[in-house]
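Working notes, structure below.
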Amino acid sequence: MSQQNIDPLLATAAPDIPAGEARRLAAAFYGLDAVAVELKGERDSNFHLRTGDGRHFVLKIGNPAEDPEVTRFQTQALLHIESRDASLPVPRVLRTKAGEAEVVLTRPGEPPRILRILTYLEGQPLHRASRSALQQRNLGTCLARLDRALQGFSHPASGHELMWDLKHASRVRHLLVHIADEGRRALAARFLDAFERHALPAMPGLRAQVIHNDMNPHNVLVSPDATDEIAGIIDFGDAVHAPLVNDLAVAAAYQLNEAGHPLEGPGEMLAGYHAVLPLAPEEIDILFDLLATRMVLTVAISGWRAARYPENRDYILRNNPKAWAGLERLSGLSREEARAYLHNVCRGE
């Protein structure tokens, strides 16, 4: 397969770190005596730490292909959010014994890697919870609050190139040839064509800022006893400076309901978001294109990575079936019908 435009971070497996090493690092740099259990991750090495006094944390060791400045950007974003809206349910950065937010790990013959420990958020993963209109509205509200908290944040690495960044969606076109089913391949290409025709030319004129960029159901936690309530937004590994509307489009791409109007679920999320952080008409105009393009990225990138790392296949492909189902449902709408529906939602109609 051609490697053109493949993000080296996505082409590099997560570093192989034993749990015992994670426990040693937590003790050495943070003074934590904790049991370490490995967590699934797409790019980094992640561990759930549990201390004897009942505290929980996540230890993260960056991928060797990731620029350390990009990891520092993610850390500073979390610190900025805490300073702007401390009530937002996002991980907090734990300081080392020396008061630092990160540790640089260096080993002979290896590139430096960043070690961080974050607070562990309790809750039920959204993908295991039943959906409701209220839950979707609350998702939109929470994401709008997060984007509002990120306003004004800047960092030299915020503009790093990321294959999951919708601005660069055209770069996955060469991966579509590896979709075995001809009908599905044509469907993905059709939505990518629409993105390039309608959304891509408009994006440079839209307001932009640092966004989370990956509010999928595996990165959202809800209250186990009240699943309409959002208990956490985790994993800032795909954060990037991009058009603001992209953040909503990414999140809404995972909210298509199995019945009713194809855009009913995304519409509920849009209503919650728009009430807190109103979208401009030109942002609403391309929301449908961006939403569908996120699904194209999911099937193209995840399919390629699953073939490359079969041992992690189930985790990598966790969102693919729903992405294909979503693209097929959206294919029954004309672009103008979708655009009108989303504008009506923002007008409260």
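The values are calculated or read from the model by the stated rules, or taken from the named source; none is laboratory data. Computed from a predicted structure; not experimentally measured. Heads up, the Cβs are rebuilt from the backbone with ideal geometry, glycines too, and the neighbour counts pull from every protein chain shown. Quick note on the areas: whole protein, heavy atoms, side chains included, nothing else; ligands and nucleic acids left out. Shrake-Rupley method; radii C 1.70, N 1.55, O 1.52, S 1.80 Å.
Under the rule of at least 5 residues apart or a separate chain, name every residue whose amide H is placed under 5 Å from the amide H of E229. Placed amide hydrogens put S223 under 5 Å from E229. Mean-square fluctuation check for the chain, GNM, Cα pairs under 10 Å: which of D193, D53, D238 is largest? Largest GNM mean-square fluctuation: D53.
The modelled label-to-label distance between A259 and Y309, using points 7 Å beyond Cα along the C-beta direction, is 3.8 nm.
For S170 and A19, the difference between the fully extended length at 0.36 nm per residue and the C-alpha to C-alpha distance is 50.5 nm. Here the Karplus relation 6.51 cos²θ - 1.76 cosθ + 1.60, evaluated at θ = phi - 60°, turns the backbone of region 107-113 into coupling constants of 9, x, x, 10, x, x, 10 Hz, with x for every Gly and Pro.
Determine, from the Cβ-Cβ distance of L88 and L134 and an R0 of 25 Å, the FRET efficiency 1/(1 + (r/R0)^6), rounded to the nearest 0.05. After rounding, the FRET efficiency stands at 0.85.
Over all Cα atoms in region 288-332, the spread is summed up by Rg and Dmax: 11.1, 36 Å. Accessible area per residue for region 259-313 is 28 Å², calculated with a 1.4 Å probe on protein heavy atoms, without ligands, DNA or RNA.
The calculated FRET efficiency for the pair E69 and T119, based on their C-beta separation and a Förster distance of 22 Å, comes to about 0.40.
Rounded to a whole number, what % of the accessible area of the chain do carbon and sulfur atoms account for, probe 1.4 Å? Summing carbon and sulfur atoms, their accessible area is 50 percent of the total for the chain. Based on a Kirkwood Rh over C-alpha pairs, give the Stokes-Einstein translational diffusion coefficient of region 18-73 at 20 °C and viscosity 1.002 mPa s in µm²/s. For the chosen part, D equals 181 µm²/s.
Measuring spread by the Cα atoms of region 124-274 yields a radius of gyration and Dmax of 16.2, 45 Å. In the full protein context, region 108-218 carries 44 Å² of accessible surface per residue, based on a 1.4 Å probe and ignoring ligands, DNA and RNA.
Residues of region 21-51 falling in the label zone of R107, defined by backbone nitrogen less than 13 Å from a point 7 Å along Cα to beta-carbon, are 21-25, 45. Amide H to amide H distances under 5 Å link A202 with no residue, where only residues 5 or more positions off or on other chains count and H is placed in the peptide plane. Cα centroid separation, region 140-210 to region 32-77: 26 Å.
Distance between the pseudo-spin-label points of R148 and T96 (7 Å out from Cα toward the beta carbon): 3.6 nm. Axis of helix 335-346 versus longest Cα principal axis of the chain: the two differ by about 70°, to the nearest ten degrees. The value for the chain of Rg(Cα) / (2.2 N^0.38 Å) is 0.98. The relative contact order of the chain, computed from alpha carbon pairs under 8 Å that lie at least 6 residues apart in sequence, is 17 percent. Relative contact order for region 84-156: 30 percent, from Cα pairs under 8 Å spaced at least 6 residues apart, divided by residue count. Kindly state, to the nearest 0.05, the FRET efficiency for D193 paired with E282, given R0 = 22 Å and r defined as their beta-carbon distance. Computed FRET efficiency for D193 and E282 comes out at 0.60. Mean residue ellipticity, 222 nm, helices only, the chain: the sum of -39500 (n - 2.57) across DSSP H runs of n ≥ 4, divided by residue count and rounded to 500, is -12500 deg cm²/dmol. The length gained by stretching the chain between K40 and A202 to full extension, at 0.36 nm per residue less their Cα-Cα distance, is 54.6 nm.
For region 24-86, the Cβ-based charge dipole about the Cα centre amounts to some 160 debye (Lys, Arg positive; Asp, Glu negative; other atoms uncharged). Helix 281-308 and the longest principal axis of the Cα set of the chain meet at an angle near 60°.
Using a probe of 1.4 Å, the accessible surface attributed to I179 totals some 20 Å² when neighbouring protein chains are kept in position.
The string of couplings for region 186-199 from the Karplus curve (6.51, -1.76, 1.60, θ = phi - 60°) is 5, 5, 4, 5, 4, 5, 5, 4, 5, 4, 5, 7, 10, 7 Hz, one whole number per residue in order, with x for Gly and Pro. Which residue, T51, T293, T75, tops the fluctuation ranking in a GNM of the chain built on C-alpha contacts under 10 Å? In this elastic network of the chain, the residue with the biggest mean-square fluctuation among T51, T293, T75 is T51. All Cα-Cα distances of region 247-320, cut into 10 Å bins from zero to the largest, leave 18, 42, 26, 13, 1 percent in each bin in turn. Output the 0 to 90 degree angle, nearest 10, between the alpha-carbon long axis of helix 264-276 and the longest principal axis computed from the alpha carbons of the chain. Around 70 degrees separate the two axes. The convex hull built on the alpha-carbon positions of region 71-181 has an orientation-averaged projected area of 12.0 nm². Restricting the calculation to Cα atoms, region 160-221 yields a radius of gyration followed by a Dmax of 14.0, 38 Å. For region 147-156, 3J(HN,Hα) computed residue by residue from phi via the Karplus equation (6.51, -1.76, 1.60; θ = phi - 60°) reads 5, 5, 5, 7, 4, x, 7, 9, 7, x Hz, glycine and proline entered as x.
All alpha carbon pair distances within region 200-349 were sorted into 10 Å bins beginning at 0; the resulting P(r) in whole percents reads 10, 39, 38, 12, 1.
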